[in-house]
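Heads up: the structure comes next, in structure tokens.
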Amino acid sequence: MRDTFPLLVNTDFPAVRRGRLTTLQANLGYRCNQSCLHCHVAAGPARSEEMSWATMSLLLRFADRQGIASLDLTGGAPELNPNFRRLVVAAHQMGLHIIDRCNLTILNEPGQEDLADFLAAKDVEIVASLPCYLEENVDRQRGDGVFESSLIGLRKLNALGYGLPESGKTLNLVFNPAGANLPPSQPELEAAYKEQLATRYGIMFNHLLALANMPIKRFGSTLVSRHEFHDYMRLLKGAHRDANLAGVMCRTLISVSWRGHVHDCDFNQMLGLALGEGDTSIHLATLLDHQFEDRPIRVADHCYGCTAGQGSGCGGALAVPQTASLEAF
Ligand code: SF4
Ligand code: SF4
């Protein structure tokens, strides 16, 4: 895999400073039951890295000390960490809002048959990848059979109330483009997804989050090998909007690696960029009483992926969307 960081490090991206810290995002490990082309952590079934219970306990202590509102669990497939449920139970008892970044197919894996019931019982918000409502497009991007398995997962979630009006159980879907283009208008795409998933398959969900692909890791490497990297960077930079800087996710979250090291966001974690402006890894254990507000954030050219067009972050589009064609995906 080609490392794109040397192509990103010399940057003219504007300086960004932190706001109030509200969200603790934790990568529970790189093991996944899928191996998607765009995966920015290069996760897959053969990866064995996983967060220990000692580090998870530290997450909970940190959340308590810093008055964190949300614990956002990611991976790989976070549910494959053997202590995933123990962490969710403890965080739920603390009153934290828990988000599980779920790939849907994990709900059908052997040994995970009761996972959907568990998540519902602990009021876990589910954010689930579904890059298209058409089977051939999903399977091309994520692997054969992924769409069918995702539908089975979605039906399980709907049966538990997820995605249904006034159930209080939130099911958000994530879209990212298949290639080197920006996502289309999030509200327009959400309307199309809602109509298509309801009429074709009887599936319901709350919101669609349209995310831009970042030019790093597996997707970045693919861009380089297809000689599309520089065109994609030109696209991102040309679509940059200063207004999006106020909403970039790194202003309100920190990202913790499976080892307990802290980064300004998940993308910086994957690039090995330490929190703030220094180059030395910082462990969560040293930050229990840290003052985050107004501290500088480490930026590089990949940050244009967050500020291009309607903007992009873990919560989807950042700003009032510009008009973009649905033909883009
Ligand atoms: S499901 Fe998610 S974590 Fe797993 S390989 Fe695909 S993108 Fe990566
Ligand atoms: S890539 Fe990370 S550090 Fe850069 S703007 Fe986006 S969230 Fe912030």
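Quick look at the numbers
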read-out	value
First in region 230-242 and more than 9 Å from THR307 (Cα to Cα), second anywhere and open to solvent by 70 Å² or more (accessible area, probe 1.4 Å) and among the aliphatic types (A, V, I, L, M), Cβ under 9 Å, 6 or more apart	HIS230/LEU7; MET233/LEU7
Per-region count, region 28-40, residues more than 14 Å from ligand 2 (Cβ to nearest atom) and either free of Cβ contacts under 8 Å to residues at least 40 places away in the same chain or closer than 17 Å to VAL256 by Cα (or both)	4
Test set (1) open to solvent by 10 Å² or more (accessible area, probe 1.4 Å); (2) of a type outside the set (Phe, Trp, Tyr); (3) under 20 Å from the mean Cα position of the chain (by Cα); (4) over 18 Å from ARG18 (Cβ atoms) - GLY305 fails condition number	(1)
Qualifying residue in region 75-92 (condition: open to solvent by 40 Å² or more (accessible area, probe 1.4 Å), assigned to a helix (DSSP H, G or I) and within 12 Å of ligand 1 (Cβ to nearest atom))	yes
Filter result for ASP64 (farther than 17 Å from HIS261 by Cα and open to solvent by 60 Å² or more (accessible area, probe 1.4 Å))	yes
Selected residue (criterion: nearest to CYS306 (Cα to Cα)) from residues of region 245-273 that are among the small types (Gly, Ala, Ser) and more than 12 Å from ligand 2 (Cβ to nearest atom)	GLY272
Region 293-309 residues that are near ligand 2 (Cβ under 9 Å from one of its atoms), paired with ones that are of a type in the set (Asp, Glu) and open to solvent by 10 Å² or more (accessible area, probe 1.4 Å) (beta carbon under 8 Å, 6 or more apart)	ARG298/GLU277; THR307/ASP242
Every residue from region 261-316 that is in a loop (DSSP other than H, G, I, E, B), under 18 Å from MET249 (Cα atoms), of a type in the set (D, E, K, R) and modelled with pLDDT of 95 or more	ASP264, GLU293, ASP294, ARG295, ARG298
Test: residue in region 254-268 that is open to solvent by 40 Å² or more (accessible area, probe 1.4 Å) and acidic (Asp, Glu)	no
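Conditions (1) at pLDDT below 95; (2) closer than 25 Å to LYS194 by Cα, marked per residue:
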| position | (1), (2) |
| --- | --- |
| ILE68 | no, no |
| ARG85 | no, no |
| HIS92 | no, no |
| LEU107 | no, yes |
| ALA121 | no, no |
| VAL124 | no, yes |
| GLU135 | yes, yes |
| ARG142 | yes, yes |
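The values are calculated or read from the model by the stated rules, or taken from the named source; none is laboratory data. On a predicted model such as this, the values are computed, not experimentally measured, just so you know. With ideal geometry, Cβ positions are generated from the backbone for all residues, glycine too; neighbour counts draw on all protein chains shown. With ligands, DNA and RNA removed, areas are computed over all heavy atoms of the protein, side chains included. Shrake-Rupley method; radii C 1.70, N 1.55, O 1.52, S 1.80 Å.
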